[in-house]
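Each remark here refers to the structure printed beneath this line.
The values are calculated or read from the model by the stated rules, or taken from the named source; none is laboratory data. Not measured: the values here are computed from a predicted model. We place every Cβ from the backbone using ideal geometry, glycine too, and count neighbours over all the protein chains shown. Please note that ligands, DNA and RNA were not included when accessible areas were found on the heavy atoms of the full protein model with its side chains. Shrake-Rupley method; radii C 1.70, N 1.55, O 1.52, S 1.80 Å.
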Amino acid sequence: MQTGRSATLTFQVTDDDTAAALGSGDLAVLATPRLLAWCEAATCAAVADEVAAERTSVGTRVQLEHLGASAVGAVLRVTAVLVHVDGRLLRFEVVAEHDDGSVAGRGEVTRVVVDRDRFWARLSR
């Protein structure tokens, strides 16, 4: 797998995405856990066509700064760029931007490619 692979996904904040709905606060603004989930979705999309069907990637480390609030109805573009590959380890830079270009969040997500069957077998022990 080569560095530079990327994906951009677009999301609109709904009531279900808010801190109040997810229990990470009491305001009706985009919750940090949802922002993180969107960032991880972008990392998965960036390498989806490179990971064989019998394999998948799992998140192992996250560093995320939630820099700007996003009201219900706001549209965010979340981009993940693969910046480092070391065997099965994949490190991505992620950024979430509002339509006006302001940054809602940025950070780094590390994932590891695993064999699906071996992963499940370890959990059933």
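Values as computed for the structure displayed
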quantity	calculated
Output for segment 49-75, where each listed residue is over 26 Å from residue 119 (Cβ atoms), aliphatic (A, V, I, L, M) and touching a helix residue (DSSP H, G or I) at 6+ places or on another chain (Cβ under 7 Å)	72
Sole exception among (1) open to solvent by 40 Å² or more (accessible area, probe 1.4 Å); (2) out of contact with any Asp or Glu (no Cβ under 6 Å at 6 or more places or on another chain) for residue 38, by number	(1)
Matching residues, segment 80-106, being open to solvent by 20 Å² or more (accessible area, probe 1.4 Å), of a type outside the set (D, E, K, R) and more than 23 Å from residue 53 (Cβ to Cβ)	81, 83, 84, 95, 98, 101, 102, 103
Top-ranked residue in segment 51-69 [being touching a Gly at 6+ places or on another chain (Cβ under 9 Å) and not in a strand (DSSP E or B); ranked as surrounded by the most Cβ atoms within 10 Å (Cβ to Cβ)]	68
Filter result (of a type outside the set (A, V, I, L, M, F, W, C), within 18 Å of residue 96 (Cα to Cα), free of Cβ contacts under 8 Å to residues at least 60 places away in the same chain and surrounded by fewer than 20 Cβ atoms within 10 Å (Cβ to Cβ)) within segment 1-31	14
Filtered residue count, segment 73-125, keeping only those that are out of contact with any Leu (no Cβ under 9 Å at 6 or more places or on another chain) and more than 18 Å from residue 6 (Cβ to Cβ)	18
